[in-house]
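What follows is a single structure, written as structure tokens, with notes after it.
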Amino acid sequence: MAVTEAENPLVGEITCGSLLQKLQEIWDEVGESDEERDKMLLQIEQECLDVYKRKVEQAAKSRAQLLQALSDAKLELSTLVSALGDKSFISIPETTLGTINEQLAAIAPALEQLLKQKEERQTGAPAVDESDLSLKKLNEYQVKLQELQKEKSDRLHKVLEFVSTVHDLCAVLGMDFFSTVTEVHPSLDDTTGVQSKSISNDTLLRLAETVSTLNEDKKQRLHKLQELATQLIDLWNLMDTPEEERILFDHVTCHTSASVDGVTVPGALALDLIEQAEVEVERLDQLKASRMKEIAFKKQVELEEIFARAHIEIDPEAAREKIMALIDSGNVEPTELLADMDNQIAKAKEEVLSRKEILDRVEKWMSACEEESWLEDYNRDENRYNSSRGAHLNLKRAEKARVLVNKIPGMVDTLVAKTRAWEEDRGISFSYDGVPLLAMLDEYSMLRQEREEEKRRLRDQKKYGEQQNTEQEAIFGSKPSPARPSGPKKVVGPRANGGTNGTPSRRLSLNATQNGSRSATKDGKRDSMKLAAPANFVAISKEDAASHVSGAGPVPASP
């Protein structure tokens, strides 16, 4: 401890310096060693520190008591001002400046005056105008009293409604209701009696502002939670997350489409819950980056399925190789790649919608052509009218098929018009599995016309042959026809739409008029250089073809 050597100017006064000097003289006289002297000085210094510590602790305790007294005084002052409801009759001092004692001294007069005013209102008798003691005046006072009582009741009811709303909002948001409501006014605490609660205009205004703020917080948190829930669901679907992991965040995803007023579960919009969802989204984002190839190929499969349903030919192998190259090169961000694929999927879906009407008509046209093929097979069956099993079903189907076949030319004309309008609007050719649809329809119309002409020619030749036979029989007499070999007869039974072999076939080669062959790839699709068309529209009756005289042109074979 530093010791001041200067003596106090007051003569005869004992100071630390004089006592230390006296002690030194005694040590010199006794012959005390330096070690003992230092030890004694350290002991003196420690005792001085202990004295200072006790004094500091006492001062701190005293300050805390003063601060508590100041806080109690401020609270009591605020409560009295709210209870009396009128601040104009007294000046409220500024209690945030000066020392604690100065603040207490400043607040004391106002507090004393308010206490006095409160006591006067509670115990003092109201001044009465003794010059007017009529019943009319009494009724006026009674009416005024009822109005005030009703206003008090309405205000109290409104305050309680606000408090209840604050309680519910705090529960949903996971906030402390007590601190929130007492911040508006201390009397709104649950421990305070109903009649003691503040119902002043200021309290009602602040309660309304609090409810508005909490509602806005609820709206923002719900919006944030719904965004996180949507991201979670997208990431789960993208990575095929098992159900047991998804269940852990049911409390988040259950509010995906909820309205603000519909969320009432306590803690549903707590900040820690939102933070948990954010952490999970971030974790899944990182996991998504590590599984980029798997996810990208999954989206590619989705894109290929969309194109397949729309009968749009693409090169899936080239697309997959490009994806692999982009990921392996590291020149593209995973999020950018997935965003680009999502954009491709969205455009593909738009393309499907634009092609839907035409594709639906193509399907109806092809189905009608398949029915036409079946009808021709049915008409060639000599036993179609027998009483075999299913004959009546075939007869009904044949009637419907004839009606449908008569509509085929109109179907083709409408389909051509729709396709041309689509191509003019888009500026591109409408392809069906890689084949221009208009070319397919044009070839179909041409082959149908050739078929009709061939049928007429064969009928004329058959009629001519029958006429020749009749003339020969008239000259030489009739001859027995050679017996036809016995064998099982063909019976057309109910079967699926398709070609003459009973399997659906909707492709025709461009050179079908030359060799009539129809080859199919393993997956049922034609080679990209072949036109898509019904399989049966060049089919000719086998019996008619057999009766075709020599020298006639080539006849397309029946499928």
Given a Förster distance of 35 angstrom, what is the FRET efficiency for Arg426 paired with Lys298, based on the Cβ-Cβ distance and rounded to 0.05?
0.75
For Tyr432, which sequence-distant residues (separation of 5 or more, or a different chain) have an amide H within less than 5 Å of its own amide H, given hydrogens modelled in the peptide plane?
Leu437
To the nearest 0.05, how large is the calculated FRET efficiency for Lys418 and Asp176 if R₀ is 51 Å and r is the Cβ-Cβ distance?
0.15
Any of Lys158/Lys197; Lys116/Lys152; Lys400/Lys463; Lys356/Lys400; Lys224/Lys298; Lys418/Lys455 with alpha carbons more than 19 Å apart? Name them for me.
Lys116/Lys152; Lys400/Lys463; Lys356/Lys400; Lys224/Lys298; Lys418/Lys455
Expected output is a single nm value to one decimal: the length gained when fully extending between Leu204 and Lys396, i.e. 0.36 nm times separation in residues minus the C-alpha distance. What is it?
61.0 nm
Restricting attention to segment 367-402, which GluC sites (Glu not before Pro) occupy a DSSP loop and are surrounded by at most 11 other Cβ atoms within 10 Å?
Glu382
Filtered hits (aspartates and glutamates, Cα-Cα < 15 Å from Lys74, offset >= 8 within chain) -> Glu94, Glu102, Glu112, Glu183
Say the dipole of segment 151-269 comes from +1 at the beta carbon of Lys and Arg and -1 at that of Asp and Glu; which of Ser198, Ala208, Phe249 then lies farthest toward its positive end?
Ser198
To the nearest 20 Debye, how big is the dipole of segment 151-269 about its Cα centre, given +1 on the beta carbon of each Lys and Arg and -1 on that of each Asp and Glu?
480 debye
For segment 330-414, listing chymotrypsin sites (Phe, Trp or Tyr not before Pro) in a DSSP loop whose Cβ sees at most 14 other Cβ atoms within 10 Å gives Tyr385
For His167 paired with Glu32, estimate the spin-label separation in nm (one decimal), with each label point 7 Å from Cα along the Cα-to-Cβ line.
7.3 nm
Show me the ranking of peptides 435-444, 219-228, 454-463 by mean Cβ neighbours inside 10 Å, starting with the highest.
435-444, 219-228, 454-463
For Lys218, give me every one of the aspartates and glutamates with a C-alpha distance below 16 angstrom, ignoring sequence neighbours fewer than eight places off in its own chain.
Asp168, Asp176, Glu209, Glu227, Asp261, Asp272, Glu275
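Bear in mind these aren't lab numbers, they're just calculated from the coordinates by the rules spelled out. It should be emphasised that the depicted structure is a prediction, and the values quoted were computed from it without experimental measurement. Positions of Cβ are generated from backbone atoms using ideal geometry, with glycine treated the same way; all protein chains shown enter the neighbour counts.
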